[in-house]
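Shown next, in structure tokens, is the structure this report addresses.
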Amino acid sequence: MAKVLVQTFGGTVKTVDATSPASIAEQLGISVENATITVNSDKVALDSELRDDDFVSFTTSKVTSG
């Protein structure tokens, strides 16, 4: 379990204990549908392993219409 900083959709930064972005979403009750997840500015998958002091950000994916 890693202690990480999390910012969700431009909100305030929180400290959370988590093993992956998926576990953060579950703990905070947030939807990952149409979301981009980054760890230390790198795009990652929901099951990526987290380390202490990582900065995890959940942002809305841009939707383009045709």
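Overview of results
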| quantity | calculated |
| --- | --- |
| Extreme residue, nearest to Leu5 (Cα to Cα), among residues of the stretch 16-45 that are touching a helix residue (DSSP H, G or I) at 6+ places or on another chain (Cβ under 9 Å) and at pLDDT below 95 | Ile30 |
| Hits in the stretch 6-36 - residues which are among the hydroxyl-bearing types (Ser, Thr, Tyr), in a strand (DSSP E or B) and closer than 14 Å to Thr59 by Cα | Thr8, Thr36 |
| Residue check for Lys62: more than 11 Å from the chain's Cα centre (by Cα), surrounded by fewer than 16 Cβ atoms within 10 Å (Cβ to Cβ) and of a type outside the set (Val, Ile, Thr) | yes |
| Whichever residue in the stretch 26-41 is within 13 Å of Val16 (Cβ to Cβ) and surrounded by 12 or more Cβ atoms within 10 Å (Cβ to Cβ) and, among such residues, is nearest to the chain's Cα centre (by Cα) | Val39 |
| Subset tally (residues that are in contact (Cβ under 8 Å) with a residue 12 or more places away in the chain, out of contact with any strand residue (DSSP E or B) (no Cβ under 8 Å at 6 or more places or on another chain) and of a type in the set (Val, Ile, Thr)) for the stretch 10-66 | 1 |
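The values are calculated or read from the model by the stated rules, or taken from the named source; none is laboratory data. All values reported here derive from a predicted model rather than from experimental measurement. FYI the Cβ positions are ideal-geometry reconstructions off the backbone, even for glycines, and counts take in every protein chain you see.
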